[in-house]
1. Mind listing whichever residues of segment 26-39 are open to solvent by less than 70 Å² (accessible area, probe 1.4 Å) and either farther than 12 Å from residue 96 by Cβ or of a type in the set (Lys, Arg) (or both)?
2. Among residues belonging to segment 79-89 that are in contact (Cβ under 8 Å) with a residue 40 or more places away in the chain and open to solvent by less than 40 Å² (accessible area, probe 1.4 Å), point out the one that is nearest to residue 44 (Cα to Cα).
3. Looking at segment 63-78, can you tell me whether even one residue there is open to solvent by less than 80 Å² (accessible area, probe 1.4 Å), among the polar types (S, T, N, Q) and part of a helix (DSSP H, G or I)?
4. Please specify each residue of segment 11-25 satisfying the condition of being open to solvent by 30 Å² or more (accessible area, probe 1.4 Å) and either part of a helix (DSSP H, G or I) or not basic (Lys, Arg) (or both).
5. If I ask for residues that are in a strand (DSSP E or B) and either among the polar types (S, T, N, Q) or open to solvent by less than 40 Å² (accessible area, probe 1.4 Å) (or both), which ones from segment 90-123 would you list?
6. Quick one: is residue 44 modelled with pLDDT under 95, open to solvent by 20 Å² or more (accessible area, probe 1.4 Å) and touching a Ser or Thr at 6+ places or on another chain (Cβ under 9 Å)?
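The values are calculated or read from the model by the stated rules, or taken from the named source; none is laboratory data. Computed from a predicted model, the values in this text were never measured in an experiment. As a convention, Cβ positions derive from the backbone with ideal geometry for all residues, glycine included, and neighbour counts pool all protein chains shown. We work out accessible area using only protein heavy atoms, side chains counted, and drop any ligands, DNA or RNA first. Shrake-Rupley method; radii C 1.70, N 1.55, O 1.52, S 1.80 Å.
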Amino acid sequence: MAEIATIARPYAEALFQVAKSQDLAAWGQQLDALAQVAQDADLRQFADHPKASAQQVFDVMAAAAKTALAPGVQNFLRTVIENGRLAALPAIVAQYHTLANAASGVSDAQIFSAFEISAEQLAELKGTLEKRFGRKLDAHVQLEPSLIGGVRVVVGDEVLDTSVKARLERMKVALTA
């Protein structure tokens, strides 16, 4: 894993430097679409085939992304394909988002919830979490029924776990100690 992160870093930094003069958010959406496509095992098998040209792989990826790609994003994708770094594309995109968020003073927050969260509840939770973590957050919600109730929030390397499952685990440890 560290090897892919090491490969991804210079690509992400160069991509961010170019994207700063463009629309960071629009590039981020296009890159997210490409990262989703790059995670497909069949596509990577096609890209690794010796008879598949770089242009063919580019055309398939651009079509599968189902979004118009800016010229700079197209150039980036061509470079990644030509250098055989398609497997690192999701890591490159993740590092790009980290750089873009740091530049705008925002951090990604992954919220795991046992139940659906309405837009009003999310706005209230996001406000509370921004006060707790001391920075603006870009929140993404993911359902995880095993939590039983409550939420688990991951911001960078910080975790705030207020789930029922975590409380039960703490009670179990306290009772068996």
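1. Correct list: 26, 33, 37, 38.
2. Taking the candidates together, the pick is 86.
3. Within segment 63-78, one or more residues are open to solvent by less than 80 Å² (accessible area, probe 1.4 Å), among the polar types (S, T, N, Q) and part of a helix (DSSP H, G or I).
4. 11, 13, 14, 17, 18, 21, 22, 23, 24, 25
5. Residues satisfying the conditions are 106, 107, 109, 110, 111, 112, 113.
6. No: the conditions fail for residue 44.
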